[in-house]
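Structure, as structure tokens:
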Amino acid sequence: MPETPADFRYPLRWRLMDGIEALADRIWPRRLAPWTGWLLITPALLLVGLLVLGLIQIADSSLRTLDTATFLPSEDWSLANFEKALASRVYLTVAWRSLLGAALTTFLTLALAFPYAYALVRTRRPWVRKALLITLFLPFFIGQVVRAYGWLIILGNSGMVNEALSLVGVAPMRLLFNYPAVIFGMVQYMLPFAVLLMVPALAAIPAETETAAGSLGANWLRTTWHVVLPMAKPGLIGAGLVVATLSLTDFAVPAMLGGGSQDFIANAIYDQFFRTADQGLGSALALMLVAAGSVLVGLVFLVFGAGTLSMGGRR
Amino acid sequence: MAAVRSEQPAVVVQGVDMDFGTGAMAVKGASFALEPGRFLTILGPSGSGKTTLLRMIAGFQAPTRGEILIGGRPADAVAPHRRSIGMVFQKLALFPHMTVNANVAFPLKMRRHDPRTIPARVARYLDLVRLGGYGNRRIHELSGGQQQRVAIARALVFEPDLLLLDEPLAALDRKLREEMQLEFRRIQKELGVTTINVTHDQREALVVSDEIIVMDHGEIQQHTSPVDMYRSPANPFVASFIGVSSFLEGLSSPRGLMVNGVDCAGVAAGAILPGMPARGAIRAEQTRIGAAAEACDTVLEGRITDTIFEGERLMYFVDLPALGTGVRIYHHDPAEHAPFEKGATVSTGWNARDLLIFPAKDR
């Protein structure tokens, strides 16, 4: 066997990996290798499985009405909760408000996130990119509740905005606890998610393609419309899907910036579970929300194909 | 003025510098003029400034100093999308979400051509690049060569005054590259469009061009026809970049070049006085070996140190002890002769007109 020179050393990372591999060989012998993939996704499958169990539980309680005399769920199943929810004007309003809110938030967020992500990808100056990234991530560190509270301070009746308006002689306005305030708060909350989901899709478009469109006679507007937007479609759909589902099911922003007058479905569900303690009605509402979200995602996949989210190669 | 217009060069580059502020200038004092309908290739190694020069002609970058005129007007006088310049990009930059037809129709649509004329025009240009019937294919369904053809059709369909080619053939395999070189030449001759091509492939430059500019370190080394570029290189750099040359260092002599006390026959290729330090360049295909060497102006004894078989020819590495250096020699049609063995002693020679002698200060 050739002698190893005294000064020959493997990188630390290699030796560390050797140790881990030796250990792994003890725990999970090599002949089990064909099942390694399954082993790795088992925890995730378990988590999803637990969620399904929970959903079955919810489905069960959605079929039991609350006995107002004993405050216990009924023994037998009925669709009374669903009938009640669908017949109620209040819940119809809440559902419509949530759906419209999700649609508005998605549209506004994508419209604002696209130029932001584009600038982030295309800027030639590293400091501009850094500044854009820091501005994007800063709200992440603060958390949703504190952020919403921040808007209360800024937009309140004696908040910064109204103070500034009074300086130029405008009477204080009610900027909070209305629908626009909720949408505003949601867009602000969703923007970082949308930008981060769009960046990879935009970065995948070669800058040369845009230069080519220009040399072929397209101004920037037409280049964006005919070339950048279609090529960024996977990112736009992915971001739209995430924003739509997150805003459809959002709780904190409508609760805090809506001030109880602008409830979304999640707030209504919360009220049923934790205020009126009508588990059955709450479960029915929750199931309908899950159904609405699933239909939305299913429709997107049906129209654009799962491949549009850059999953499973081309097409 | 209108009468003069047709006479003026299609492209004028006048004293152009490009300084990115990162050390050496990318382009230094570039000046040339190109007549309408000509096919010019800018040839140089990577980092020679050839792509920067092309990007300035395309108007993507403004020169630090100097002036570029396209059809008599400054290149950056109009916005990029209003210029009449077709460009084929290095990575083609086709639109993957559109069909071939849509890709080729795109510039016509953007330039607001009459929609009724567009389909016929697109079909005509697809025929020109021999892609008739491929109009409804998607880009990813085409082979590399077919994608090249779409890019050419797209750059030409709006009948630009100038066609720019930014190394579009660099990524192709050799056979396809040579096929596309001939296609570029055919299409350019058919349309008569003024064309500027950028490449590092000397064979491509010789094959496709009416004229060649060789660049190195940001400076234009020589601007002439392919034949002149090959026969009369302006300096040793051009001699080494076009074809395969061997170099001999010595002092200029009345007969040619004094190397290691041996007076070699050669001709001066620049302003040079006897006794000056000089560098001689001799092409591998003009250096003779064996019986063919005996009748040459300079005949020396050589020893073969290595042989490389290249198919249609052999390359010999021959050491010349008398000169203290070696030369490379191409020997064609090797099937006819038994190749010389490694280590064999052979006659090596060349004629005076084939050893070009440059002042040694030239790179």
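Each reported figure results from applying straightforward, stated rules to the coordinates on display, with no laboratory input. Just so it is clear, the structure is predicted and the values come from calculations on it, not from any experiment. Positions of Cβ are backbone-derived with ideal geometry, glycine not excepted, and every protein chain shown enters the neighbour counts.
Brief remarks on what is shown
- Angle in degrees between helix B:144-156 and the longest Cα principal axis of chain B, rounded to the nearest 10: 60 degrees
- Note, ³J(HN,Hα) from phi for the range B:40-57, Karplus 6.51, -1.76, 1.60, rounded to Hz, x at Gly and Pro: 10, 10, 9, 10, x, x, 5, x, 7, x, 5, 5, 4, 4, 5, 5, 6, 5
- Amide proton proximity set for B:MET87, modelled H, under 5 Å, gap of 5+: B:LEU164
- With neighbour counts taken as other beta-carbon atoms within 10 Å, the residues B:ASP161, A:ASP271, B:ASP166 rank, fewest first, as B:ASP161, A:ASP271, B:ASP166.
- Counting only other chain Cβ atoms within 10 Å of each residue's Cβ, the peptide A:225-231 averages 3.
- Extension gain for the segment A:ILE27 to A:THR4, taken as residue separation times 0.36 nm less the Cα-Cα distance, is 5.2 nm to one decimal.
- Cα centroid separation, the range B:169-185 to the range A:84-129 (Å): 49 Å
- Listing A:TRP35, A:TRP127 from fewest to most neighbouring C-beta atoms within 10 Å gives A:TRP127, A:TRP35.
- Per DSSP, loop trypsin sites (Lys or Arg not before Pro) in the range A:4-49 with at most 14 further Cβ within 10 Å: A:ARG9
- Gyration tensor (alpha-carbon) shape descriptor, the range B:134-185, a/c threshold 1.5: oblate
- Label-zone membership for the range B:209-231, site B:ASP17, 7 angstrom Cα→C-beta point, backbone N under 19 Å: B:216-221
- Counted charge near A:TRP96, where neighbours are those whose Cβ lies closer than 13 Å (Asp, Glu -1; Lys, Arg +1): +1
- Shown in residue order for the range A:151-158 are the 3J(HN,Hα) couplings computed by the Karplus curve 6.51 cos²θ - 1.76 cosθ + 1.60 at θ = phi - 60°: 5, 4, 5, 6, 9, x, 4, 10 Hz (x for Gly and Pro).
- Potential extension, B:LEU273-B:ARG353 segment - 0.36 nm per residue separation minus Cα distance: 27.0 nm
- Whole-angstrom gap from the range B:101-145 to the range A:228-271, using each part's C-alpha centre: 43 Å
- Average other protein chain Cβ within 10 Å of Cβ, residues B:85-93: 4
- Per-pair calculated FRET efficiency, R0 = 22 Å: B:ALA292 and B:ARG255 via Cβ, rounded to 0.05: 0.55
- Take B:319-325, A:189-195, A:293-299 and order them by the average number of nearby Cβ atoms within 10 Å per residue, most first; the result is A:189-195, B:319-325, A:293-299.
- In this calculation the C-beta distance from A:THR123 to B:ASP228 is compared with R0 = 45 Å, giving a FRET efficiency of 0.45.
- Rounded if a/c under 1.5, otherwise prolate or oblate - the range B:2-231, Cα gyration tensor axes: prolate
- Label zone at A:VAL297, where the point sits 7 Å out along the Cα-to-Cβ direction: the range A:29-63 residues whose backbone N lies under 20 Å: A:41-60
- Residues B:VAL78 and A:PHE140, FRET efficiency given R0 of 60 Å [Cβ-Cβ distance, rounded to 0.05]: 0.85
- Residue-averaged [θ]222 nm for chain A, counting only DSSP H segments that reach four residues, each worth -39500 (n - 2.57): -23000 deg cm²/dmol
- The GluC sites (Glu not before Pro) of the range B:233-316 that DSSP puts in a loop, and whose beta carbon has at most 16 other beta carbons within 10 Å, are B:GLU294, B:GLU310, B:GLU312.
- Straight-distance crosslink candidates among lysines, where the alpha carbon sits under 18 Å from B:LYS50 and sequence neighbours closer than 8 are dropped: B:LYS28, B:LYS91
- Chain A: C-alpha gyration tensor shape, a/c 1.5 cut-off, then a/b vs b/c: oblate
- Amide H contacts of B:LEU355 (H built 1.01 Å from N, under 5 Å, at least 5 apart or other chain): B:VAL267
- Helix axis angle, B:118-128 relative to chain B longest principal axis, alpha carbon, degrees: 20 degrees
- With the convex hull of the Cα atoms taken as the outline of the protein assembly as shown, the averaged projected area works out to 52.6 nm².
- In chain B, the DSSP-assigned H stretches of four residues or longer account for a calculated mean residue ellipticity at 222 nm of -6500 deg cm²/dmol, using -39500 (n - 2.57) per stretch and the full residue count as denominator.
- Of the chymotrypsin sites (Phe, Trp or Tyr not before Pro) found in the range B:9-46, those in coil by DSSP whose Cβ has at most 13 other Cβ atoms within 10 Å are B:PHE20.
- Close amide H pairs (under 5 Å, H built 1.01 Å from N) link B:ILE212 with B:THR41, B:THR224, B:SER225, residues at least 5 positions away or on another chain.
- Counting Cβ atoms of other protein chains within 10 Å of each Cβ in A:206-214 and taking the mean gives 6.
- By other beta-carbon atoms within 10 Å, ranking B:ILE118, B:ILE139, A:ILE142 with the fewest at the front produces A:ILE142, B:ILE118, B:ILE139.
- From the alpha carbon centroid of the range B:227-305 to that of the range B:34-96 is 37 Å.
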